[in-house]
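Novice: Take a look at this one; I'll ask things after.
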Amino acid sequence: MKAMILAAGLGARLRPLTDDHPKALVTVAGRTLLDIALCRLRSFGVLDVIVNAHHFAATIVEYLKANNNFGMRIEVSVEDALLDTGGGLKKAAHFFLADGANLNEPFILHNVDVISNIDLARMVQFHTEQAALA
């Protein structure tokens with residue numbers, strides 16, 4: 001399964017923490033929000049992730065390289081202008097369609113600044129059983 005982490009926003013609600021770096025790199029209990037999201041996805045077997053970035057995008061790219069992409073296949077979709085959720089997802093469509101992917105294959109869309117303990121496997125199972133669009 002593939003996932004997208006939405007990390008392109010300006011992090012306005014987190015100011016002044018985001019004045020000089022992206023919200024994805026804000027730390028909570030010594031870990032960045034991006035680290036938390038990626039490790040959580042990996043714990044559910046997700047190894048292919050695309051992260052959209054805008055605000056201090058180069059810093060996110062450098063962070064991922066410095067951490068060996070957390071042992072995952074990670075692509076960064078840099079947005080020159082903020083595209084919001086739908087636009088960011090549309091720009092990343094190539095990632096989900098690569099490698100002969102099935103158009104009906106589910107994927108996870110995860111906000112970088114949301115921390116939860118929801119059972120992602122159960123959530124995907126429920127959505128699949130209900131034939132939910134999203």
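Novice: Only one residue in V51, V61, V78 is free of Cβ contacts under 8 Å to residues at least 24 places away in the same chain and of a type in the set (A, V, I, L, M, F, W, C), so which one is that?
Specialist: Every option except V61 fails the conditions.
Novice: Given N68, N52, which one is among the polar types (S, T, N, Q) and at positive phi?
Specialist: Only one candidate passes the filter, namely N68.
Novice: Go through the stretch 31-83 and give me each residue that's part of a strand (DSSP E or B) and basic (K, R).
Specialist: If the condition is that a residue be part of a strand (DSSP E or B) and basic (K, R), then R31, R73 are the ones that fit.
Novice: In the stretch 97-134, what residues are closer than 16 Å to L6 by Cα and at pLDDT below 90?
Specialist: Across the stretch 97-134, the qualifying residue is only A134.
Novice: So, of the residues in the stretch 57-86 that are within 18 Å of R31 (Cα to Cα) and among the aliphatic types (A, V, I, L, M), which turns out to be surrounded by the fewest Cβ atoms within 10 Å (Cβ to Cβ)?
Specialist: Here the answer is A66.
Novice: How about the stretch 57-67: which of its residues are among the hydrophobic types (A, V, I, L, M, F, W, C) and in contact with an Asp or Glu (Cβ under 8 Å, 6 or more places away or on another chain)?
Specialist: A57
Novice: Out of the residues in the stretch 1-56 that are open to solvent by 70 Å² or more (accessible area, probe 1.4 Å) and among the basic types (K, R), which is farthest from the chain's Cα centre (by Cα)?
Specialist: R15
Novice: How many of the residues in the stretch 84-134 are polar (S, T, N, Q) and outside any loop (DSSP other than H, G, I, E, B)?
Specialist: Number of matching residues: 4.
The values are calculated or read from the model by the stated rules, or taken from the named source; none is laboratory data. Keep in mind that this is a model prediction, so the values were computed, not measured. Every residue, glycine as well, gets a Cβ built from its backbone with ideal geometry; the counts of neighbours run over all protein chains shown. Keep in mind that these areas ignore ligands, DNA and RNA; they rest on the heavy atoms of the full protein, side chains included. Shrake-Rupley method; radii C 1.70, N 1.55, O 1.52, S 1.80 Å.
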